[in-house]
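So the structure is just underneath, and the comments pick up after that.
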Amino acid sequence: MNLILATYTLWLREVVRFARQRNRVIGAFAQPVIFWILIGSGMNSSFQAKELAGVSYMEYFYPGIILMIVLFTSIFSTITIIEDRKTGFMQGVLVAPLSRSSIVLGKVAGGISLSLLQSILFLAFILTPMVHFDFSLFSFFLLLLCIIGLSFGLTTLGVLIAWPMDSIQGYHAIMSVFLFPLWIFSGAAFPVEGTPAWLYYVMQANPLTHGLSLLRYCFYYHQETAYLSFSEIQFSIVYFAVFCLLTFLWAVKMVKKSR
């Protein structure tokens, strides 16, 4: 019960803090929308890929923007670890007779909630003529499960990065160098197939590549596509599940260490 109560309290604090920061709410949603519309519109007429015949760039780029929303929302939600340490709140949590796992679980629950909220808002664009997904209720359910899994792994990754840091500026510097390449080399902006051999293997090692494959499968699960075979999806599920497990265990171990 202590673990559940502590996790719930930390989760509620993350949600309330996010809701009270209106600029953060608007910016977190507006930036991916502008990114999708501007870049998608500019690349739409020149996008060509044999395995993606009949798919516009706006449609191809759409799951990549959802991945961007989940990635940046999940990882940047952990910046509050540094803020809480500076204000003394984290010291109060650490000396409380609670499991250290509740800190990680509370942050993870908060990151998942915020990612789900912003992703669902962005899904409203499915109703526009800019994309042509044959979306169903089951697709929506699969997508929610996928977003939860993605956010789980990425929020724990954010905990690993934020926990040993004392400077918010340093956190942003690492994120700007680390996050965007992680996203761009996932196949979000261009297909993995057709890339140079060295880049292909780099992208296959990237866990976001497999997370993006799962997102795309949620939109096309009922169709036969040349770039989403069921065996590849099975491998992506196992690969990203292992990534989530390892990052979570590593994050819990790190939080349990005294600083």
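Quick notes
- Qualifying residue in the stretch 82-90 (condition: more than 17 Å from residue 212 (Cα to Cα), at pLDDT 80 or above and outside any helix (DSSP H, G or I)): yes
- The C-beta contact set for the stretch 185-197 (first residue under 13 Å from residue 62 (Cα atoms), second residue hydroxyl-bearing (Ser, Thr, Tyr) and surrounded by 15 or more Cβ atoms within 10 Å (Cβ to Cβ), distance under 6 angstrom, 6+ apart or interchain) comprises 187/209.
- Filter result for residue 245 (in contact (Cβ under 8 Å) with a residue 40 or more places away in the chain and assigned to a helix (DSSP H, G or I)): no
- Considering only residues in the stretch 138-178 that are buried (at least 20 other Cβ atoms within 10 Å of the Cβ) and in contact with a Leu (Cβ under 8 Å, 6 or more places away or on another chain), the one that is farthest from residue 72 (Cα to Cα) turns out to be 143.
- Within the set 168, 184, 161, the sole residue that is touching a helix residue (DSSP H, G or I) at 6+ places or on another chain (Cβ under 8 Å), at pLDDT 80 or above and under 29 Å from residue 233 (Cα atoms) turns out to be 161.
- The number of residues in the stretch 113-146 that are among the hydrophobic types (A, V, I, L, M, F, W, C), more than 18 Å from the chain's Cα centre (by Cα) and not in a loop (DSSP other than H, G, I, E, B) comes to 6.
- Screening residue 64 against (1) of a type outside the set (Phe, Trp, Tyr); (2) within 18 Å of residue 251 (Cβ to Cβ); (3) in contact (Cβ under 8 Å) with a residue 60 or more places away in the chain leaves a single unmet condition, (2).
- Leading residue by the ranking (nearest to residue 64 (Cα to Cα)) among those in the stretch 147-172 that are polar (S, T, N, Q) and not in a loop (DSSP other than H, G, I, E, B): 151
The values are calculated or read from the model by the stated rules, or taken from the named source; none is laboratory data. Remember, predicted model here, so these are calculated numbers, not experimental data. Backbone-built Cβ (ideal geometry, glycine too); neighbour counts: all protein chains shown.
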